[in-house]
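Before anything else, here's the structure in question.
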Amino acid sequence: MGKFLLPEPGSVTERPDSSLGGTVEYVQADYDDSEWRELNLPHDWGIEGPFDLNAPGETAKLPWQGIGWYRKQFEIDEADLGGMVFLDIDGAMANPLIWCNGAFVGGWRFGYASFRVDLTPHLRAGGDNLISIRLENLDESSRWYPGSGLYRNVWLVKSSRVHVEQWGVHVTTPKIEEDSALVCIETVLNDETGGESAGKSENAIYAPNTLLRPLELQHRVFEANKEGLIVGEALVESARETVEIQDGFAAHSSICVTIDSPKLWSPHSPSRYVVETQVWEDGQLQDRVETLFGVRSMAFDADNGFLLNGERVMLQGVCLHHDHGALGAAFNVSAMRRQLLKLQEMGCNAIRTSHNPGAPEMLDLCDELGIFVIGEAFDCWALPKKENDYCTCFQRWHERDLRAMVRRDRNHPSVIIWSIGNEIAELWHPEGWKLGRRLSAICKEEDSSRLTTAGYNFGGAGFDGMQAAVDVTGFNYKPDLYAEFHERNPTRPVYGSETSSCISTRGAYFFPFSDERLEGRKDFQVSSTDLHTADWAFTPDAEFKGLDENPCAAGEFVWTGFDYLGEPTPFNADMTNLLNFSDLEERERIARELEEQRKNSPPSRSSYFGIIDLAGFEKDRFFLYQARWRPQLPMAHILPHWDWPEREGEHTPVQVYSSGDEAELFINGRSLGRQKRGPLQYRFRWDEVYYEPGEIRVETYKDGEPWATASRKTPGPASNIVLEQNYPREGEADLTYVAVSLADEKGVTLPRATDELSVQVEGGGELIATDNGDPTRLEPFQSSTLPLFYGKAIVIIRRKPDTDAGIKVKVVAAGLPEAELSV
């Protein structure tokens, strides 16, 4: 817990530097911060709102800009002053500057970077130590909602003066055979004793303690007898190696050992091991670090795509921004786990961190769950997409930021490749590939075990020499270029780094269904027929076809897995959309359309791209991807819903998504025909259906045998409020998500309900956010009242610390009995 102050705009106008520490009142111990707000980290001040209709939709109409301060008082034992004490920050948005006891100790620029500052020289024994952190988010510095503040975890790390450097253990598995695996361990040691030492390092490999949760695995506080990740006896131990360490310099050691009968890491069996590294001096244990890793081989092949442990695996991936919807950018393990489990349910096996490094705990979870990761560094280089974005610091900071990302994340078995950038403007320039090649070289200097990639949004990058910047070419929205690329670059792998950009609103259906591009709507919603896309993009079906016709492609990363805050295309009036067009006429046309959008002040503040909405509810598209990505799962899904009293007798087309290969549709028991899916056909369509109340049902078949059924029924009047624990389905978590809907007396859900809800949480929990998935809702997420949106809403509850009391959720809607759920 610490204290937080967000000054009024303009109250702090000068950016202090290291010479101004004595003149900044907030860093002084005698400053009175009794009026400051106490809070827990991680924290995002922008998500607290309020929304501003006139603010840019591209950054969610939230007040994320400005200057914020954090202060934290803490104790240090006398014994700890003989060692080192660091402050590790996993992410601070943005431009953090840090003081310890009034002395400036360092800072960073990139809001997505993890970094460390040394507090040791400025600490005092006892409880009168003070850390002060200043953050500043500039206008025009992001083209999506970036969040604000200390939005990722912050750690106080203690170690001996002879210690392993931050991210100083690097584990690789260069040779894997059926009965053994060679494990190579490189270690970087530091000596801050003021002299020279002959440190000794040794390594042992253990099976991990699988009972520990990912948040507990990542960081350490050195204690010689600390119980950590390891369990049981060591599988293999190295000899103790003497390493000469000179004060102020890093010393390197390298050793290889062999594991017998290794368990390989894969999505189906995400097995991991732990390296325990010990550092000794004069017979005394000085430091101890535990590093999780996995044994697996990876390769990208020009003909066969991605190979894991020698076998082809199709990358069924999504792109993800870093926010957690109603929780904002403040990282939470439970919220992240919920997202990943929902994506796995769909059949997703890969994540692209769009377009910056993700939180370290996200990678822990991907390791644990068996999900591949593309670790992406930048959304721009020196040429800007926004006036104050990363371009302002690229020249001075890109090498430090890139090395920090690779060093931090290179031991994660889930990370399969490094991306040096997304839709980078320099790569349109004839000489741009040279800078890209340099960034790729930096990645390989830190980690020679992985290849590099980038996301290209113009087709010429695959043919004019730009492909030389990276090892694996990623095309954004180019399913029609895979064949030509493979023909002209027969030795270079290719994949869809960003695909589809289909847009939809969960639960919304407008008639007639159409394959045409979206026309603007006054309610600022998009029909959930999965036929509408952004102007630069393709339907999911077109991307599927491109992959099926070109098995050389390694797979795709759909834009996006979840809706996210900001970029509400097609209602965002966001001129950065023009970056997606190389054709000048197209750019001019879209520019005219966007100018018209700006005149209307659209209320939209979150995206329509997600396969899953901002509240975590599946859109119809979820089942289209599930049908493709989990072909052995018996499933069928019907759209639209069947509650259209105003459309009786009117043309109401029906679509079915299924992993089956045949489907027969029934309305009130009458068959509307049986269809067999043809080649390159990904959905069943009955275009000549006329609405009548009752039941619409589908029966599907696979290889001639019954496969899966689904139905939609016309509901009667609302009878009761339905509460369901959406997450966690089992076990415990610090956050609980409760889904709210209405049902009639027969239990049929009302898909069009808009009733206003009032939420109350009692006992050992507290309400922290509500949402309904509506991208135009401008009430604060912290509100305890909200309407159902197309029949659904979500309630997010946090367990109070230091209590075992039960939690009760009560929900009220006018004219219905109160609903109650114990969680």
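Just the residues that are of a type in the set (S, T, N, Q) and within 20 Å of Leu639 (Cβ to Cβ), please, taken from region 528-552.
Of region 528-552, the ones of a type in the set (S, T, N, Q) are 528-529, 533, 539, 550.
Correct list: Ser528, Thr529, Thr533, Thr539.
Out of Glu376, Glu387, Glu311, report the one residue that is surrounded by fewer than 22 Cβ atoms within 10 Å (Cβ to Cβ), among the charged types (D, E, K, R) and in contact (Cβ under 8 Å) with a residue 24 or more places away in the chain.
Glu387
Next question. Which ones in region 411-455 are closer than 21 Å to Thr172 by Cβ and in a strand (DSSP E or B)?
Answer for region 411-455, where residues must be closer than 21 Å to Thr172 by Cβ and in a strand (DSSP E or B): Val415, Ile416, Ile417, Trp418, Ser419, Ile420, Leu451, Thr452, Thr453.
Would you check if there is a residue in region 803-821 being buried (at least 17 other Cβ atoms within 10 Å of the Cβ), among the basic types (Lys, Arg) and not assigned by TED's automatic domain parsing to the domain that holds Arg337?
No: region 803-821 contains no residue that is buried (at least 17 other Cβ atoms within 10 Å of the Cβ), among the basic types (Lys, Arg) and not assigned by TED's automatic domain parsing to the domain that holds Arg337.
Now a separate question. Give me the pairs, please: first residue somewhere in region 171-193 and outside the structural domain of Tyr206 (by TED's automatic domain parsing) and at positive phi, second residue anywhere and surrounded by fewer than 17 Cβ atoms within 10 Å (Cβ to Cβ) and hydroxyl-bearing (Ser, Thr, Tyr), beta-carbon distance under 6 Å, and either six or more positions apart or on two chains.
Listed pairs, sorted by first residue: none to list.
Okay, moving on. So is Gly616 on the phi > 0 side of the Ramachandran plot, part of a loop (DSSP other than H, G, I, E, B) and crowded, with 23+ Cβ neighbours inside 10 Å or not?
Numbers: on the phi > 0 side of the Ramachandran plot: yes; part of a loop (DSSP other than H, G, I, E, B): yes; crowded, with 23+ Cβ neighbours inside 10 Å: yes.
Answer is yes for this residue.
Additional query: Failed condition for Asp191, given (1) at pLDDT 90 or above; (2) of a type in the set (D, E, K, R); (3) surrounded by 22 or more Cβ atoms within 10 Å (Cβ to Cβ), with all others met?
(1)
Another question, if that's okay. Please work out which one of (1) under 12 Å from the mean Cα position of the chain (by Cα); (2) surrounded by fewer than 23 Cβ atoms within 10 Å (Cβ to Cβ); (3) among the basic types (Lys, Arg) is the condition Arg352 fails and give its number.
(2)
Could you tell me whether any residue of region 332-339 is free of Cβ contacts under 8 Å to residues at least 60 places away in the same chain and touching a Leu at 6+ places or on another chain (Cβ under 8 Å)?
Filtering region 332-339 down to residues free of Cβ contacts under 8 Å to residues at least 60 places away in the same chain leaves 336.
If we keep only those that are touching a Leu at 6+ places or on another chain (Cβ under 8 Å) too, we end up with 336.
Yes.
Report yes if Leu81 is aliphatic (A, V, I, L, M), farther than 23 Å from Cys391 by Cβ and either within 24 Å of the chain's Cα centre (by Cα) or crowded, with 24+ Cβ neighbours inside 10 Å (or both), otherwise no.
Spelling it out, it is not the case that Leu81 is aliphatic (A, V, I, L, M), farther than 23 Å from Cys391 by Cβ and either within 24 Å of the chain's Cα centre (by Cα) or crowded, with 24+ Cβ neighbours inside 10 Å (or both).
Can I ask one more? What's the number of the only condition in (1) in contact with a His (Cβ under 8 Å, 6 or more places away or on another chain); (2) under 24 Å from Gly168 (Cβ atoms) that Gly149 fails to meet?
That leaves (2) as the condition not met.
Separate question: Evaluate the following for Pro653: is it under 37 Å from the mean Cα position of the chain (by Cα), surrounded by 15 or more Cβ atoms within 10 Å (Cβ to Cβ) and modelled with pLDDT under 95?
Judged against the criteria, Pro653 is not a match.
While we're here: Surrounded by fewer than 19 Cβ atoms within 10 Å (Cβ to Cβ), of a type in the set (D, E, K, R), out of contact with any Lys or Arg (no Cβ under 8 Å at 6 or more places or on another chain) and not in a loop (DSSP other than H, G, I, E, B), is that true of Lys522?
no
Find the residue count for region 677-724, including only residues that are in a loop (DSSP other than H, G, I, E, B), aliphatic (A, V, I, L, M) and under 23 Å from Gly791 (Cα atoms).
1
Sticking with this one: Suppose we filter Ala377, Ala382, Ala425 for residues that are among the aliphatic types (A, V, I, L, M) and closer than 17 Å to His322 by Cβ; which single one remains?
Working: Ala382 fails: closer than 17 Å to His322 by Cβ; Ala425 fails: closer than 17 Å to His322 by Cβ.
Going through Ala377, Ala382, Ala425 in turn, the sole match is Ala377.
Which of the residues that make up region 418-433 are of a type in the set (Phe, Trp, Tyr), within 14 Å of Gly460 (Cβ to Cβ) and at pLDDT 85 or above? Show your work before the answer.
Going residue by residue through region 418-433, those that are of a type in the set (Phe, Trp, Tyr) are 418, 428, 433.
So of that shortlist, the ones also within 14 Å of Gly460 (Cβ to Cβ) come out as 428, 433.
The one that is of a type in the set (Phe, Trp, Tyr), within 14 Å of Gly460 (Cβ to Cβ) and at pLDDT 85 or above: Trp433.
Which residues, counting only those in region 752-766, are over 17 Å from Tyr737 (Cβ atoms), in a strand (DSSP E or B) and β-branched (Val, Ile, Thr)?
If the condition is that a residue be over 17 Å from Tyr737 (Cβ atoms), in a strand (DSSP E or B) and β-branched (Val, Ile, Thr), then no residue fits.
Test Ser711 against the stated conditions and say whether it is touching a Gly at 6+ places or on another chain (Cβ under 8 Å) and of a type in the set (S, T, N, Q).
no
Looking at Arg670, Arg674, Arg592, which is the one that is surrounded by fewer than 17 Cβ atoms within 10 Å (Cβ to Cβ) and at pLDDT below 95?
Arg592
Next question, about the same structure. What's the number of the only condition in (1) over 12 Å from the mean Cα position of the chain (by Cα); (2) part of a strand (DSSP E or B) that Trp397 fails to meet?
With (1) over 12 Å from the mean Cα position of the chain (by Cα); (2) part of a strand (DSSP E or B) applied to Trp397, the lone miss is (2).
Which residues, taken from region 355-367, are part of a helix (DSSP H, G or I) and more than 8 Å from the chain's Cα centre (by Cα)?
Pro360, Glu361, Leu363, Asp364, Leu365, Cys366, Asp367
Return the residue satisfying two criteria in turn: it lies in region 775-815 and is among the β-branched types (Val, Ile, Thr) and assigned to a loop (DSSP other than H, G, I, E, B), and of such residues it is modelled with the lowest pLDDT.
Among those residues, the one meeting the criterion is Thr803.
Between Ser297, Ser334, which is surrounded by fewer than 23 Cβ atoms within 10 Å (Cβ to Cβ) and closer than 18 Å to Ser449 by Cβ?
The unique qualifying residue is Ser297.
Residues that are modelled with pLDDT under 95, of a type in the set (S, T, N, Q) and more than 17 Å from Trp629 (Cβ to Cβ): does region 536-557 have at least one?
Looking through region 536-557, none of the residues is modelled with pLDDT under 95, of a type in the set (S, T, N, Q) and more than 17 Å from Trp629 (Cβ to Cβ).
State yes or no: is Arg408 touching a Ser or Thr at 6+ places or on another chain (Cβ under 6 Å) and part of a helix (DSSP H, G or I)?
Judged against the criteria, Arg408 is a match.
Take Gly731 and decide whether it is without any contact (Cβ under 8 Å) to a residue 60 or more places away in the chain and farther than 30 Å from Met336 by Cα.
no
The values are calculated or read from the model by the stated rules, or taken from the named source; none is laboratory data. None of the values given here were measured: they were computed from a predicted structure. Here Cβ is always computed from backbone atoms with ideal geometry, including for glycine, and neighbour counts include all displayed protein chains.
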